[in-house]
Amino acid sequence: MTQAQETGMYTQSMDLPDDAAEPRSAGLKAVPQALHPSEAELQAQFDTRIDADGKIEPRDWMPEAYRKTLVRQISQHAHSEIVGMLPEGNWISRAPSLKRKAILIAKVQDEGGHGLYLYSAAETLGTSRDQMLDALHTGRAKYSSIFNYPTLTWADVGVIGWLVDGAAIMNQIPLCRCSYGPYARAMIRVCKEESFHQRQGYEALLVMMQGTAEQKAMVQDAVNRWWWKCLAMFGPPDADSPHSAQGKRFGIKRIGNDELRQKFIDATVPQAQVLGVTLPDPELKWNEERQHHDHGEIDWDEFWATVNGNGPCNKERLATRVKAWNDGQWVRDAALAHARKQQHRALKEAA
Ligand code: 3HC
């Protein structure tokens with residue numbers, strides 16, 4: 001048995017819940033407003049395709065609410081990947097060995113790539129990358145709460161790989177089967193790369209846990225600081241999640257926030273045991289009846305404060321992003337000038 005199997009690491013084949021095959025129309029209309037007869041026919045075709053678990057592609061007709069939901073979710077996701085490069089990027093110059101530095105550079109570069117696939121997927125819905133980036137840079141767009149916390153020690157880099165990327169994979173594997181083709185296809189590649197990210201983090205921590213008492217304490221301290229933030233990453237409880245019902249109806253969101261959070265906890269507990277760390281929740285225990293772990297209460301006030309711009313690093317993260325964008329202006333100008341020159345040459349040759 002491999003270590004991945006022993007510790008229940010994530011794979012690409014995570015099961016969907018038993019009710020996944022049921023039609024999603026139960027009790028919910030895809031578009032609430034009255035439609036013109038010609039649109040009603042298109043709406044009916046759209047609903048039939050969603051109920052049959054088919055894919056919607058960019059040139060297909062889609063209700064405006066579907067388009068809006070996708071642009072909202074995919075652009076927030078893309079921003080999360082790009083801002084997510086920053087907490088770990090801080091450690092590239094301070095990685096403890098050449099091997100760790102090479103792995104970290106590759107990982108941070110992957111996150112940039114994920115952002116680009118996702119911006120491209122959102123662009124197929126008619127929103128330009130400039131519009132999305134403007135929303136991010138002016139503070140109007142959301143990105144994941146988790147990237148607004150500081151990375152204080154090298155152990156944080158391992159814990160981000162193990163827990164943050166682990167939580168991201170748990171949330172994103174169901175998205176590989178979402179109803180919008182470009183998003184689903186982007187997520188397949190993203191999830192494969194995220195699996196490597198999660199494993200490199202866990203492996204880095206395993207090595208530290210075989211080291212000195214100081215190294216072990218550093219890992220435990222990082223786990224203590226990140227655990228609750230990772231649980232909150234899955235989003236508010238289903239009862240307080242305004243988009244969940246519609247997201248499920250559209251075949252975008254396959255599994256609810258609470259169920260994914262529970263799956264993550266159940267998968268992580270044995271991994272923590274193998275690692276030799278304690279998860280900082282005195283109420284965390286196996287519930288034989290539920291066949292799941294019970295856990296303590298998440299601090300939702302802290303989560304919402306962070307989502308609304310008042311976490312420990314929100315301002316710093318946004319300022320770094322805006323500076324990177326402004327500093328890169330000359331590269332974009334040069335690329336455009338080169339493209340114009342090539343186009344001019346091609347026209348001259350054709351004449
Ligand atoms: N951080 C910030 N905002 C969050 C959030 C979080 N962890 N969880 C929920 N929210 C926001 C929602 O975006 C929504 O805001 P809006 O109305 O302004 O758009 C509001 O809180 C209500 O939440 P809902 O549960 O109703 O929203 P959703 O149905 O969209 O579910 C989600 C939230 C589960 C995050 C879903 O959007 C999703 O699965 N998104 C795609 C995956 C994603 O974006 N992951 C982010 C992390 S990516 C990452 O970690 C990179 C990796 O490299 C580590």
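The values are calculated or read from the model by the stated rules, or taken from the named source; none is laboratory data. A quick note: this is a predicted structure, and the numbers were derived from the prediction, not measured. Here the Cβ positions follow ideal geometry from the backbone for every residue, glycine too, while neighbour counts run over all protein chains shown. Side chains are part of the model used for accessible areas, which takes the heavy atoms of the whole protein and leaves out ligands, DNA and RNA. Shrake-Rupley method; radii C 1.70, N 1.55, O 1.52, S 1.80 Å.
Key figures
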{"item": "Considering residues of the stretch 135-158 that are outside any helix (DSSP H, G or I) and β-branched (V, I, T) only, the residue surrounded by the most Cβ atoms within 10 Å (Cβ to Cβ)", "result": "T151"}
{"item": "Complete set of residues in the stretch 137-148 that are more than 7 Å from the ligand (Cβ to nearest atom) and at negative phi", "result": "H137, T138, R140, A141, F147, N148"}
{"item": "Selection within the stretch 206-238 - closer than 23 Å to D281 by Cα and small (G, A, S)", "result": "A213, A217, A222, A232, G235"}
{"item": "Only listed residue being of a type in the set (A, V, I, L, M) and either open to solvent by 60 Å² or more (accessible area, probe 1.4 Å) or in contact with a Lys or Arg (Cβ under 9 Å, 6 or more places away or on another chain) (or both), chosen from A239, A222", "result": "A239"}
{"item": "Test: Y202 is touching a strand residue (DSSP E or B) at 6+ places or on another chain (Cβ under 6 Å) and either open to solvent by 30 Å² or more (accessible area, probe 1.4 Å) or within 16 Å of the ligand (Cβ to nearest atom) (or both)", "result": "no"}
{"item": "The listed residue being more than 17 Å from the chain's Cα centre (by Cα), assigned to a helix (DSSP H, G or I), farther than 20 Å from K315 by Cβ and small (G, A, S), out of A106, A121", "result": "A106"}
{"item": "Filter pass, L70 being within 20 Å of the chain's Cα centre (by Cα), hydrophobic (A, V, I, L, M, F, W, C), open to solvent by less than 30 Å² (accessible area, probe 1.4 Å) and modelled with pLDDT of 95 or more", "result": "yes"}
{"item": "Residue check for V223: more than 9 Å from the ligand (Cβ to nearest atom), at pLDDT 95 or above, assigned to a loop (DSSP other than H, G, I, E, B) and among the aliphatic types (A, V, I, L, M)", "result": "no"}
{"item": "Residues that are open to solvent by 40 Å² or more (accessible area, probe 1.4 Å) and either β-branched (V, I, T) or at positive phi (or both), drawn from the stretch 162-199", "result": "I188"}
{"item": "Selection within the stretch 312-326 - among the charged types (D, E, K, R) and open to solvent by 50 Å² or more (accessible area, probe 1.4 Å)", "result": "K315, E316, K323"}
{"item": "Selection from the stretch 149-165 of residues that are within 9 Å of the ligand (Cβ to nearest atom) and touching a residue at least 60 places away in the same chain (Cβ under 8 Å)", "result": "I160, V164"}
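Condition check ((1) surrounded by 13 or more Cβ atoms within 10 Å (Cβ to Cβ); (2) in contact (Cβ under 8 Å) with a residue 24 or more places away in the chain; (3) of a type outside the set (A, V, I, L, M)) across all residues:
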| residue | (1), (2), (3) |
| --- | --- |
| D301 | no, no, yes |
| A305 | yes, no, no |
| N310 | no, no, yes |
| G328 | no, no, yes |
| A334 | no, no, no |
| A339 | no, no, no |
